[in-house]
1. Tell me the residue from Ala50, Ala32, Ala84, Ala40 that is under 22 Å from Asn294 (Cβ atoms), among the hydrophobic types (A, V, I, L, M, F, W, C) and under 32 Å from the mean Cα position of the chain (by Cα), please.
2. Scan segment 81-116 residue by residue and report those that are among the β-branched types (Val, Ile, Thr) and surrounded by 22 or more Cβ atoms within 10 Å (Cβ to Cβ).
3. Go through segment 118-135 and count every residue that is part of a loop (DSSP other than H, G, I, E, B) and under 20 Å from Ser91 (Cα atoms).
4. Go through Asp320, Asp277, Asp295 for me and flag whichever is under 17 Å from Val222 (Cα atoms) and either in contact with a strand residue (DSSP E or B) (Cβ under 7 Å, 6 or more places away or on another chain) or not in a strand (DSSP E or B) (or both).
5. Hey, which of the strands (runs of 3 or more DSSP E) in segment 456-532, taking only ones fully inside, have at least 3 residues that are under 26 Å from Ile543 (Cα atoms) and either touching a strand residue (DSSP E or B) at 6+ places or on another chain (Cβ under 7 Å) or modelled with pLDDT under 95 (or both)?
6. As an exercise: evaluate Ala390 against (1) touching a residue at least 40 places away in the same chain (Cβ under 8 Å); (2) open to solvent by 40 Å² or more (accessible area, probe 1.4 Å) and give the number of the one condition it does not meet.
7. What residue, of Asn348, Asn395, is loosely packed, with under 14 Cβ neighbours inside 10 Å and outside any strand (DSSP E or B)?
8. Filter segment 563-590 down to the residues that are open to solvent by 30 Å² or more (accessible area, probe 1.4 Å), among the β-branched types (Val, Ile, Thr) and assigned to a loop (DSSP other than H, G, I, E, B) and list them by number.
Amino acid sequence: MRWRLLIATIAAAAAVAMPVHSQVRVAFFNVAGLQGSNDAIAHVIAEIHADQSRGFAIPADVLVFTEVRQVNLAPLIGIVNAAAPPGVSYSLGTFTTSPSEDQATGANAIFLRNGRVFELPAGHKDIFTGAGRNTDRWWLQLVGYSSPQARFYVYGSHLRASSGSANEQQRLEGVQAIRTDADALPANTPIIYTGDMNFYTANESGYQWWISVPGNGIAVDVQPGEWTGIVNAIKHTQSPRSVTGGGLIGGGMDDRFDMHLFSTTMVDGAGLAVIPDTYRSFGNDGLKWKKAINDGNNFYFPGQLARSNALADALFDASDHVPVVVDLQLPAVHESWLAAQPGKVIRNASVAVELRTWNAVSVVSPLGVDPLSFVAVGQGAVVGNVSAQAPIQPNFSSWLFPVNTSVVGPLNGGVLVTTPNEAVQNSALQLPVIGSVVRPANASFSPNTKVASTTASFSIPSGDGVVELPVSVFNFNFDSNQAMLDVDATNLQNGHRAFSVMQGSSFGIGSTPGTVKFGFNLAGLTPGTYSRQAFLTCTDENIPGEEVSFLSLTLSVTVTPPAIPGDLNGDGVVNGADLAVLLGQWGTAGSADLNGDGVVNGADVAILLGFWS
């Protein structure tokens, strides 16, 4: 019961402290055929997920176990998922066992965190390594990546145990079998070799074969050198127990049997790679040489004595080995976009596009992702280039690329962003520039030619009130390659006060003319000619590079005398000439129908005579 309570506490803490993360956590644990406490094993696994001793905590993505018999499989599946933080689950990878393995210590099993890593089953292989045991080879793919270098192999091994030259020879032959398989893989293939290797010293032939013999599968040990003795106690993985019992071996912490080794491409700091200083013998504080791991206080978690002691107790009860854990950085995920497109611009406008680039991996620690380097080059109408390193989201780098707008027509070009990063997602992104270049608008008072200055003349009979004077404005020579025209303002200058501006603006003038309107107040004006100057401020439509132009207009209004009834010939007097016009229209509905009854007759003669000059 005490382990179940501790597991629940650890899982709840992990749920709060573990955001969406980047780096990959890989753990190996010899569970000794589940001969120890299952609750203690679950506690250990839960603490692997929550382990922040290297600066950050993330749930494990790959869990490899050895000494798993067929009968252990179902309980182990339950243990793994019970120990997972809320929202995290695991699937069993390809599991194979042989009669000899099942009758002896058991086989190797792998669990993969759902949504993060999945197995490519075609890559699985059993490699016989002697002593009735097979090494399992699993081929894994990182979710969200398509690069072949985002696929990696995990070899899970349990080599021949015990000292003596015959056992050392079997371990060497097992390593040679593994290396023969790994050497046949393509160069620079990411590989993790993990397991209970049972090497007693760094001088053992099997270990040396692994790290020294050239080939695609040559291994690197990130804890190089000797591991025997008290000075190397921090590296030891067996045994956390001081006493033997229940099938578990005692003797205290004095051997480094369990380990991770890596292909060279995984220790070069590029792409999928080991994060320095994250490899550890889990729960080992380096102070327990030839002692049980819970002999006295344990200081594995800095500043967390009770938690460290609880983990030490769980390791004592769980197995006769402690896990080995390592964190890997993820390859970069390249994202770039143009923050805004130019759209329509005026010829020779000063325009630039903003390139934003970032590393689109959420992180617990910046160490968890390969830093993203990139090169961006303008193409076609886009000018410039840059070589830089992009920050991790939500931050981004910002660069301006000028756009050549000297040629009228569609903008052809874009920005090509490439990255040399190993295993990067989106190694090249082509970002097109969308827009067009147009001529400036061409303000004119005529649809047929450029007229920037003119006189608008009107003739108005005298009277009272304000008369509207409309003036048309054209965008001369308009087509789809020319900006639309705006009349932004109309201002009156010198001239008669009878003039006013009624509608001084007109927008979006293309093939249809716009109109500005003036007012002319007839009140108190005698017949005659009146004038005033007006200036129209014109611009291109509201797009980059818009230009300003001006139109000059003279308004001229001739006020004519009021019309005299009966003055049919318009000479300003009513006399015999007008009577002759009337008589010529007698009986018709002509202009001499002065009373509007539809016929020229005597009634109209009476009206005419009434205004006889």
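The values are calculated or read from the model by the stated rules, or taken from the named source; none is laboratory data. Bear in mind that the values here come from a model prediction, so they are computed numbers and not experimental data. A quick note on method: Cβ atoms are made from the backbone with ideal geometry, for glycine too, and the neighbour counts reach across all protein chains shown. Heavy atoms of the whole protein, side chains included, go into the accessibility calculation; ligands, DNA and RNA do not. Shrake-Rupley method; radii C 1.70, N 1.55, O 1.52, S 1.80 Å.
1. Just a single option satisfies the conditions, and that option is Ala50.
2. The answer is Ile110, and nothing else.
3. Residues in segment 118-135 being part of a loop (DSSP other than H, G, I, E, B) and under 20 Å from Ser91 (Cα atoms): 2 in total.
4. Asp277
5. 466-475, 485-495, 506-509, 514-521
6. The single condition Ala390 does not satisfy is (2).
7. Unique residue meeting the criteria: Asn395.
8. Ile564, Val573, Thr588
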